Amino acid sequence: MTKPQVLRIDHLRTFDPLTENQKSCFDAWKDGNHLMMYGTAGTGKTFLGLYFALEQVMEKSNTIEKLVVVRSVVPTREIGYLPGTLEEKLSAYTAPYIPLVSSMFEDGEAYRKLVVDSKLQIMSTSHIRGLTLDNTIVLVDECQNLTFHELDSIITRLGHNSRIIFAGDYRQSDFTRESDKKGIKDFINIVEQLKNFSCVEFQWQDIVRSDFVRDYIMTKEMLGY
């Protein structure tokens, strides 16, 4: 089978920030910082993380080789019990990224091409241990569903010429134990003290998904839920 043609940087659409906090993320990334984007749902955190990473991956003059998206795939933390191959196990969790990548490249096959060309990889937390990620952008998505130990393990995988982006909302944690829920807050307390690490908290004013979602979240917060 013929290998799909590698996408070039001129196929990637250009996006501008829509809110002040999005602009802060654009500026921080342009300055070479690592990123922690957390806060309200519907504010474009995952989209921004993918866009920043893929922009660098597709840049010919850049030495970044790939984007690795890391997330916890199941509440039990054990993907091995699910049936099928690793690719089949992860398929349910790769679905959100396919339309996002397709829209960025205006190509319905963009996600598949990037995967085949080894420029994009989805990885679970249980398979990242022991790795050293060089020349890589790491996007840790839905990071509120990772324990402090997992977050600590992921960030220490970062090797030479690599950068990391965290995206999540600690108010949407799937954890039931308070000790697990507070892991993301403890982790933020650490990384916000690091050099070249920018933490941006999104509020309901940054919601870009829809007016309805903005009104719902604003009302929920105003009522104290």
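Every Cα-Cα pair of region 91-225 was included, and the share exceeding 24 Å stands at 43 percent. Gain on full extension, evaluated as 0.36 nm per residue between GLU192 and THR156 minus their Cα-Cα distance, stands at 11.4 nm.
What the Cβ-Cβ distance of LYS185 and PHE212 gives, at R0 = 30 Å and to the nearest 0.05, is a FRET efficiency of 0.55. Shown are PHE166, PHE15, PHE148, whose ranking by accessible area with a 1.4 Å probe and every protein chain present, most to least, is PHE148, PHE15, PHE166. Protection proxy ranking, highest mean first, for peptides 172-182, 110-120, 135-145, 53-63: 135-145, 110-120, 53-63, 172-182, where packing is the per-residue count of other beta-carbon atoms within 10 Å, averaged. On the protein heavy atoms, probe 1.4 angstrom, tell me the percent of accessible surface of region 12-71 carried by carbon and sulfur. Within region 12-71, the accessible surface is 43 percent carbon and sulfur.
Accessible surface comparison of MET222, MET37, probe 1.4 Å, protein chains only, largest first: the order is MET222, MET37. The solvent-accessible area of HIS34, taken with every protein chain present and a 1.4 Å probe, is close to 40 Å². Take every Cα pair under 8 Å whose residues are at least 6 apart in sequence, average their separation, divide by the length of the chain, and the relative contact order is 32 percent. Sequentially through region 110-123, phi angles give Karplus couplings (6.51, -1.76, 1.60; θ = phi - 60°) of 4, 4, 4, 5, 5, 5, 4, 7, 6, 9, 9, 9, 9, 9 Hz, Gly and Pro residues having no value and appearing as x. Each residue, ASP134 and GLU109, gets one label point 7 Å from its Cα in the Cβ direction; the gap between the two is 3.3 nm. Here the simple spin-label model places points 7 Å from the Cα toward Cβ, and for ARG13 and ARG177 these points are separated by 4.3 nm. Every helix of 4 or more DSSP H residues in the chain counts as -39500 (n - 2.57), and over all residues that averages to -10500 deg cm²/dmol at 222 nm.
Rolling a 1.4 angstrom probe over the protein heavy atoms with all chains in place gives region 114-179 an accessible area of 44 Å² per residue.
The values are calculated or read from the model by the stated rules, or taken from the named source; none is laboratory data. It should be emphasised that the depicted structure is a prediction, and the values quoted were computed from it without experimental measurement. Note that each Cβ is placed from the backbone with ideal geometry, even for glycine, and that neighbours are counted across all protein chains shown. Protein only, heavy atoms only, side chains kept; ligands, DNA and RNA dropped before computing areas. Shrake-Rupley method; radii C 1.70, N 1.55, O 1.52, S 1.80 Å.
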